[in-house]
Amino acid sequence: MLQIEGIKLELNEDEFLLKRKAAAALRVPEGEITELQIHRKSIDAREGVRFVYTLRVSVRNESSVRKRCRNRGVSPVSETPYRLPGVVRPPEILPVVVGAGPAGLFCALALARCGARPVLLERGWNVERRQEDVERFWERGELNLESNVQFGEGGAGAFSDGKLNTGTKDMRHRFILETLAAHGAPESILYDAKPHIGTDYLRRALVSMRRELEKLGCDIRFGHRLAGLETEGGRVTALEVAGPEGTYRLPAENVVLALGNSARDTFEILYAAGTPMEPKPLAVGVRIEHRQADIDFAQYKALAGHPRLPASGYKLSCHPEDGRGVFSFCVCPGGLVVAAASEAERAVTNGMSFYARDGENCNGGLLVSVAPADFPGRGPLAGIAFQRELEAGAYAAGGGGYIAPAQRVEDFLLRRPSRGPGKVLPTYRPGVKWCSLWDVLPEFICRAIADALPVLDKKVRGYADPDAVLTAVESRSSCPLRILRDEEGQSAVRGLWPCGEGAGYAGGIMSAATDGLRTAERVLGRVQGAGGLPYSFNDRLIPEKFHQN
């Protein structure tokens, strides 16, 4: 198979022309191409707007075609597909995965496909019940402390934009995308340069993945929270688990800590049990909302609104004079700003969008880099105290009921309170209270945002639109601590395997899922060595059996 890069289509050209353009690039008749796949699709909006493709084709007499075409954009495909480790016998004491976010789910899936029959503990509930709890919170301000935007099947990613792009390269990425697509995610995630699954499709995929895990013998326990740790001789021997029917002891030798970055009480339990951890930098700020039509015009110019063009986003950063980085985060084209609290009387915002991205507004995090030196105290848990202080202040400014404080950009830059919205109507539920965010957030955060807005406006015209809405506080972009692990992936408390975003080793769905797979490989090596023969993704259960109808 050959790979052809840089094939372009104008907006008025259909994809059936790709075969003709591929044949021209290879200097062969179209009939010589026996198979064509879209490997990557992106948008180039630098001069006009066009689609750019990387294609993979099978062609007759490949070696002679390669010699004859002399095209630098043509190369042989050379990829080693990811393979899970060999099949193992289930150990007498089964491995335990704590957390059913992307890291925990893919770790459990790998363990289950390899025959290890893991126990999966998730403090929240399955996505069906969780969706009801979240909707009740958004409508009435009734927060369920164990089933919310942060806790439950799928983790925080289940109520997000569902971005699947990452800045790193790893052979496991294709496996993750293929797994999600096989479980009902849009096939476009397999080739889009900026793939996203959307919260609606992600929830469907979660149900299908759960069915596969259960079929493979994974013991999934929703509503079961890690409440304590037993150790002996520096090794974990059992977990104390709080479940719906009370607390019980669960023997354990290998425990994957796939915690979300909001599992603050769990961090406190682990720290008290002697688990080494350290503070790490994070970023906090606000959600900024614009009209999607304005962002589309800034990116696509006169072609904005073309039916073949997706809702546009952006990726921005700058360093104002004080040296703090200010950057966009988790941009949700056509999305919503959502209430994302997991603790009582603390206001938290996040962004979410459906696959169609067809909402009126575009929102994104506008965050400021924060170092451990900025925390009010010292020690691994100081960052949590910093986040809680900000969230409690935002809750108080909103007047209770998880109402969030908000301000128009023009008023923010003039340091005057807002009295109501302009052309951009905030999407946050249960609602916003107009105020001055300078009275809510620390001075250094507000000053950095104020310095950054005019700079970022030069990169995306209209970013500092006077009517754009700032809603506070965006405080859960990353974990403020790292649970230390060695080169093998274990904690100094042997048998504990810190993993994913909550442990401080990932930042998003893809990187968390990748770390989950990597951790599963290491646990399998501990469980029973390399027993059995390696197999590929398609050699195991066919995921279509578990699709949701």
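Any idea which residue in the range 235-281 is nearest to residue 149 (Cα to Cα), counting only those that are among the polar types (S, T, N, Q) and within 22 Å of the chain's Cα centre (by Cα)?
Filtering first and then ranking leaves 262.
So, of the residues in the range 384-429 that are part of a loop (DSSP other than H, G, I, E, B) and open to solvent by 70 Å² or more (accessible area, probe 1.4 Å), which turns out to be nearest to residue 149 (Cα to Cα)?
My answer is 425.
State which residue is surrounded by the fewest Cβ atoms within 10 Å (Cβ to Cβ) when the search covers only the range 173-203 and only residues that are small (Gly, Ala, Ser), touching a Ser or Thr at 6+ places or on another chain (Cβ under 8 Å) and assigned to a loop (DSSP other than H, G, I, E, B).
The residue in question is 193.
Would you point out the residue of the range 463-479, among those that are in a loop (DSSP other than H, G, I, E, B) and in contact (Cβ under 8 Å) with a residue 60 or more places away in the chain, that is surrounded by the most Cβ atoms within 10 Å (Cβ to Cβ)?
Across the range 463-479, the extreme among qualifying residues is 475.
Which count do you get for residues in the range 358-377 that are outside any strand (DSSP E or B), touching a residue at least 12 places away in the same chain (Cβ under 8 Å) and open to solvent by 30 Å² or more (accessible area, probe 1.4 Å)?
Within the range 358-377, residues that are outside any strand (DSSP E or B), touching a residue at least 12 places away in the same chain (Cβ under 8 Å) and open to solvent by 30 Å² or more (accessible area, probe 1.4 Å) number 6.
Could you go through the range 267-277 and let me know if any residue there is assigned to a loop (DSSP other than H, G, I, E, B), open to solvent by less than 20 Å² (accessible area, probe 1.4 Å) and farther than 30 Å from residue 467 by Cα.
Yes.
Which of the residues that make up the range 152-169 are touching a helix residue (DSSP H, G or I) at 6+ places or on another chain (Cβ under 8 Å) and open to solvent by 40 Å² or more (accessible area, probe 1.4 Å)?
Within the range 152-169, 163, 165, 166, 168 meet the criteria.
Out of the range 491-518, which residues are open to solvent by 10 Å² or more (accessible area, probe 1.4 Å), over 24 Å from residue 271 (Cα atoms) and among the β-branched types (Val, Ile, Thr)?
Of everything in the range 491-518, just one residue is open to solvent by 10 Å² or more (accessible area, probe 1.4 Å), over 24 Å from residue 271 (Cα atoms) and among the β-branched types (Val, Ile, Thr), namely 509.
Considering the range 204-219 alone, what residues qualify as being touching a strand residue (DSSP E or B) at 6+ places or on another chain (Cβ under 8 Å) and surrounded by fewer than 19 Cβ atoms within 10 Å (Cβ to Cβ)?
214, 219 - these are the residues of the range 204-219 that are touching a strand residue (DSSP E or B) at 6+ places or on another chain (Cβ under 8 Å) and surrounded by fewer than 19 Cβ atoms within 10 Å (Cβ to Cβ).
Do we find that residue 293 is over 29 Å from residue 442 (Cα atoms), open to solvent by 40 Å² or more (accessible area, probe 1.4 Å), aliphatic (A, V, I, L, M) and under 27 Å from the mean Cα position of the chain (by Cα) in this structure?
yes
Assess whether residue 81 counts as being open to solvent by 10 Å² or more (accessible area, probe 1.4 Å), over 17 Å from residue 149 (Cβ atoms) and either among the β-branched types (Val, Ile, Thr) or touching a Leu at 6+ places or on another chain (Cβ under 9 Å) (or both).
Criteria not met by residue 81.
Only one of (1) in a helix (DSSP H, G or I); (2) at positive phi is not met by residue 217, so which one is it?
Unmet condition: (1).
Would it be correct to say that residue 528 is more than 22 Å from the chain's Cα centre (by Cα) and open to solvent by 10 Å² or more (accessible area, probe 1.4 Å)?
It is true that residue 528 is more than 22 Å from the chain's Cα centre (by Cα) and open to solvent by 10 Å² or more (accessible area, probe 1.4 Å).
Output yes when any residue across the range 255-274 is under 25 Å from residue 442 (Cα atoms) and modelled with pLDDT under 95, and no when none is.
For the range 255-274, residues under 25 Å from residue 442 (Cα atoms) and modelled with pLDDT under 95: present.
Considering only residues that are among the charged types (D, E, K, R) and within 26 Å of residue 297 (Cβ to Cβ), which ones fall in the range 339-368?
357, 358, 360
Looking at 253, 289, 240, which is the one that is in a loop (DSSP other than H, G, I, E, B) and acidic (Asp, Glu)?
Answer to the check: 253.
Does residue 521 satisfy the criteria of being charged (D, E, K, R), assigned to a loop (DSSP other than H, G, I, E, B) and open to solvent by 10 Å² or more (accessible area, probe 1.4 Å)?
no
Every residue, every condition in (1) over 28 Å from the mean Cα position of the chain (by Cα); (2) over 26 Å from residue 299 (Cα atoms), yes or no:
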residue	(1), (2)
33	yes, yes
48	yes, no
52	no, no
55	no, no
64	yes, yes
72	yes, yes
81	no, yes
89	yes, yes
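Return the pair list, or none, for Cβ contacts closer than 7 Å from residues in the range 503-518 that are without any contact (Cβ under 8 Å) to a residue 40 or more places away in the chain to residues that are among the hydrophobic types (A, V, I, L, M, F, W, C), at least 6 apart or on different chains.
Partner pairs satisfying both residue conditions: 505/499.
Among (1) of a type in the set (Val, Ile, Thr); (2) open to solvent by 10 Å² or more (accessible area, probe 1.4 Å); (3) touching a Cys at 6+ places or on another chain (Cβ under 9 Å), there is one condition residue 326 misses while meeting the rest; what is its number?
It fails just one condition, (2).
Of the residues 223, 243, 234, which is over 30 Å from residue 55 (Cα atoms) and surrounded by fewer than 16 Cβ atoms within 10 Å (Cβ to Cβ)?
The unique qualifying residue is 234.
Given the condition of a type in the set (S, T, N, Q), touching a residue at least 12 places away in the same chain (Cβ under 8 Å) and open to solvent by 20 Å² or more (accessible area, probe 1.4 Å), answer yes or no: does some residue in the range 299-321 qualify?
Yes: one or more hits.
Of all residues being farther than 18 Å from residue 406 by Cβ and among the hydrophobic types (A, V, I, L, M, F, W, C) in the range 331-344, which is surrounded by the most Cβ atoms within 10 Å (Cβ to Cβ)? Just the residue, please.
Across the range 331-344, the extreme among qualifying residues is 331.
Rundown of residues vs (1) touching a residue at least 24 places away in the same chain (Cβ under 8 Å); (2) surrounded by fewer than 18 Cβ atoms within 10 Å (Cβ to Cβ); (3) in contact with a Cys (Cβ under 9 Å, 6 or more places away or on another chain), yes/no style:
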position	(1), (2), (3)
3	yes, no, no
8	yes, yes, no
16	no, yes, no
22	yes, no, no
26	yes, no, yes
41	yes, no, no
44	yes, yes, no
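The values are calculated or read from the model by the stated rules, or taken from the named source; none is laboratory data. Predicted, not measured: the structure shown is a model, and the values here were computed from it. Note: ideal-geometry Cβ built from the backbone for every residue, glycine included; neighbour counts use all protein chains shown. Side chains included, ligands, DNA and RNA excluded: accessible areas come from the protein's heavy atoms. Shrake-Rupley method; radii C 1.70, N 1.55, O 1.52, S 1.80 Å.
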